[in-house]
Amino acid sequence: MAKKSGLGKGLGLLVGEADAETAGMRPDSVLPLAQIRPNKGQPRKLFKPDELAELADSIKQNGVLQPLLVRKKGDFYEIVAGERRYQAACEAGLEEVPVIIREISDDDVFKLALIENLQRSDLSPLEEASGYRQLIKEKGLTQEELAKILSKSRSTITNTLRLLDLPEEVQELVDEGRLTAGHARAILAVPSDEGRVALAHKVVSEHLSVRQTESLAATFSVTQDDDRPRRAPLPQSFKRAARQMRLALDTNVRVKNVRGKNKIEIEFSSEDELARIVDLLAGPGTWS
């Protein structure tokens with residue numbers, strides 16, 4: 001059994017330093033962006049382009065108000081917390097940014113970066129659940145230890161992790177925002193995957209509340225056709241690709257398998273939105 005890595009008393013302080021502006025801390029130094037490198041182990045790989053652009057505009061006007069937390073690594077400084085601010089500062093054309101420099105172990109760098117992301121309010125429920133699972137698996141934490149780190153109850157961690165037990169089709173509905181985490185937890189009360197999928201679609205089509213979903217889940221059943229072939233789950237890479245395209249195109253995107261052929265389905269509501277998507281995919285001025 002792998003030995004669990006203790007977080008140590010200093011980790012709580014470091015998490016506070018990652019939110020330096022709120023804590024009222026002053027930066028230790030100002031570093032050129034050329035001397036700063038992103039953390040390759042950053043758990044969050046994608047940031048919404050529109051939000052980055054908005055932050056970059058704010059930085060152009062007001063500067064970087066919240067210092068990055070970095071550590072010295074070789075000839076450069078590696079980001080521990082503040083990847084989004086770093087990317088926005090690059091987009092804004094800054095040459096240097098305020099930083100807090102600390103000596104931090106490789107083990108704690110990953111934890112800090114993940115905790116910073118999990119504490120962001122714009123993570124989807126499934127992104128949050130994936131983050132919990134990643135920290136538990138890679139760092140050998142128990143659910144109770146993770147709950148203490150994040151100042152959450154163990155039941156909250158457990159219930160969030162359970163969302164990963166949902167069928168792929170239901171997870172897509174949660175990712176698209178058509179089902180809330182509350183709906184998803186209620187659907188988990190249905191024992192079969194087929195029943196969960198059927199209830200999820202009923203909730204979406206009839207705009208049911210969480211309370212109505214909970215009531216239905218207690219008695220919900222699906223008549224299964226034994227001769228009907230079961231749909232194979234999509235690979236995780238397909239799901240990641242759909243998420244990346246949703247962020248890049250700012251619209252719902254599905255990657256699915258239809259009669260043995262893989263397809264990408266991009267949603268748009270008007271001709272103007274279609275033109276916007278075409279310009280993003282093929283370059284400005286393509287649409288005519």
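The values are calculated or read from the model by the stated rules, or taken from the named source; none is laboratory data. Source: prediction; values computed, not measured. Please note: Cβ atoms are built from the backbone with ideal geometry, for glycine as well, and neighbour counts cover all protein chains shown.
Looking only at residues in the range 189-213 that are on the phi < 0 side of the Ramachandran plot and not in a helix (DSSP H, G or I), the one that is surrounded by the fewest Cβ atoms within 10 Å (Cβ to Cβ) is 191. Among the residues of the range 261-274, those identified as at pLDDT 85 or above and not polar (S, T, N, Q) are 263, 264, 265, 266, 274. Within the range 233-268, the set of residues being surrounded by 14 or more Cβ atoms within 10 Å (Cβ to Cβ) and part of a strand (DSSP E or B) comprises 253, 254, 255, 256, 257, 266.
Scanning the range 242-266 for residues that are under 19 Å from residue 50 (Cα atoms), touching a strand residue (DSSP E or B) at 6+ places or on another chain (Cβ under 7 Å) and not hydroxyl-bearing (Ser, Thr, Tyr) turns up 242, 245, 246, 249, 253, 266.
Looking across the range 165-188 at every residue that is under 18 Å from the mean Cα position of the chain (by Cα) and β-branched (Val, Ile, Thr), the one that is surrounded by the fewest Cβ atoms within 10 Å (Cβ to Cβ) is identified as 180. When restricted to residues that are exposed (fewer than 14 other Cβ atoms within 10 Å of the Cβ) and aliphatic (A, V, I, L, M), the range 48-76 contains 2.
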